[in-house]
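*Asks:* Right, I'll just put the structure down here and ask away after.
The values are calculated or read from the model by the stated rules, or taken from the named source; none is laboratory data. On a predicted model such as this, the values are computed, not experimentally measured, just so you know. A quick note on method: Cβ atoms are made from the backbone with ideal geometry, for glycine too, and the neighbour counts reach across all protein chains shown. Please note that ligands, DNA and RNA were not included when accessible areas were found on the heavy atoms of the full protein model with its side chains. Shrake-Rupley method; radii C 1.70, N 1.55, O 1.52, S 1.80 Å.
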Amino acid sequence: MTVRFLAVATLAVSAISAEAQPPLQAPANFLYFGDCAEQTVLLNYPASRFADLLPPGFTFPGNGRRASVHVSGSTCADGGEGRPSDEVISFVEVVPPLALQADGILAYGIFLGAITESTKTAAGFAALGFGDLVELGMVDVSVKTLLGTRSGKTQAAGPRTRLNTSTVVTGPVLKFAAASARLFRVENKVVTAVIEGHYSAQNAKIGTGTVLQAKGGFLPLPLPLGVGVASHAYGYDLSIEPVTLP
């Protein structure tokens, strides 16, 4: 399966190669992350485990029988105001109704949850309508490169969620163009908030990864351990802005 979200609040993106572009700039009231690297693990579950989450008109991609969940840990040299930050975010891929789609958006997801160590990032998500899904806690994202192989680990712990990821990616470097993705906040099968992430051009590698969830959290229990396709995206900037509901 083609990895559809590569960058994090990691979202991965299927896009064409492009020449390098200047860093993104965002207004002060938007979330902005600069010089980022992330590791994403894609996990597939029976769609029934997430069916109660879907608002009317939403479906899962493909034949609708599987739900693809992304767990991404990112580390950015600039998490806002020139300070570094680490985050982990999870979402499930969806196809929204036409009224919630837009030109230039290559991927869509329902936001499951996030953990951040940055009070600024937590406050930013709260202002965007996602606050109760974002936990302030400990996040440690580490990435190493050796002989063309990138390996990484994410350790994250918040008041409700604790999880670890481990990834190994090899092979050629893939180059992706700047692109945009959209995430939805859903409460009782109703979309209450929407955000859009705009990514600069990035490099990526594909491999395998695992996610171990120790308590609570983003993944459906009683299946706290997942193994799936992994991607590393790096050398990108990201801005996140609100989208007005129709």
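*Asks:* What does the charge dipole of segment 50-147 about its Cα centre add up to, to the nearest 20 debye, if the Cβ of each Lys and Arg holds +1 and the Cβ of each Asp and Glu holds -1?
*Replies:* It comes to approximately 300 debye.
*Asks:* Let me ask something else about it. Show me the trypsin sites (Lys or Arg not before Pro) within segment 77-185 that DSSP assigns to loop and that have at most 16 other Cβ atoms within 10 Å of their Cβ.
*Replies:* Answer by residue number: R160.
*Asks:* Moving on. From the helices alone, meaning DSSP H stretches of at least four residues, give me the mean residue ellipticity at 222 nm for the chain, per-run term -39500 (n - 2.57), in deg cm²/dmol to the nearest 500.
*Replies:* Per the formula, -1000 deg cm²/dmol.
*Asks:* If you don't mind, there's one more thing I want to ask. From the mean inverse distance of alpha carbon pairs (Kirkwood) and the Cα radius of gyration, derive Rg over Rh for the chain.
*Replies:* Ratio value, two decimals: 0.93.
*Asks:* How much of the accessible area of the chain, in percent, comes from carbon and sulfur atoms when a 1.4 Å probe is used?
*Replies:* 57 percent
*Asks:* Okay, moving on. Restricting to Cα pairs below 8 Å that are 6+ residues apart, what does the relative contact order work out to for segment 54-156? Please round to a whole percent.
*Replies:* 22 percent
*Asks:* Let me ask something else about it. Given a cut-off of under 8 Å on Cα pairs at least six residues apart, what relative contact order in percent is computed for segment 115-156?
*Replies:* 36 percent
*Asks:* Using a 1.4 angstrom probe with every protein chain in place, what is the largest-first accessible-area order of T119, T161, T192, T244?
*Replies:* T244, T119, T192, T161
*Asks:* If you don't mind, there's one more thing I want to ask. Connecting C-alpha atoms closer than 10 Å in a GNM of the chain, tell me which of V95, V71, V173 has the biggest fluctuation.
*Replies:* V173
*Asks:* Straight-line reach only, C-alpha to C-alpha below 29 angstrom: list the lysines that K189 could link to, leaving out same-chain residues fewer than 8 apart.
*Replies:* Cross-link targets: K120, K215.
*Asks:* A follow-up question, please. Any idea what the relative contact order of the chain is, in percent, if you count C-alpha pairs under 8 Å spaced at least 6 apart?
*Replies:* Reported as a whole number, the value is 24 percent.
*Asks:* Rounded to the nearest whole Å², what accessible area per residue is found for the chain with the 1.4 Å probe?
*Replies:* In whole numbers, the chain has 44 Å² accessible per residue.
*Asks:* Okay, moving on. Once you mark the GluC sites (Glu not before Pro) that are in a DSSP loop and have at most 13 other Cβ atoms within 10 Å, what is the longest gap between them in the chain?
*Replies:* So the longest stretch without any such site is 82-246.
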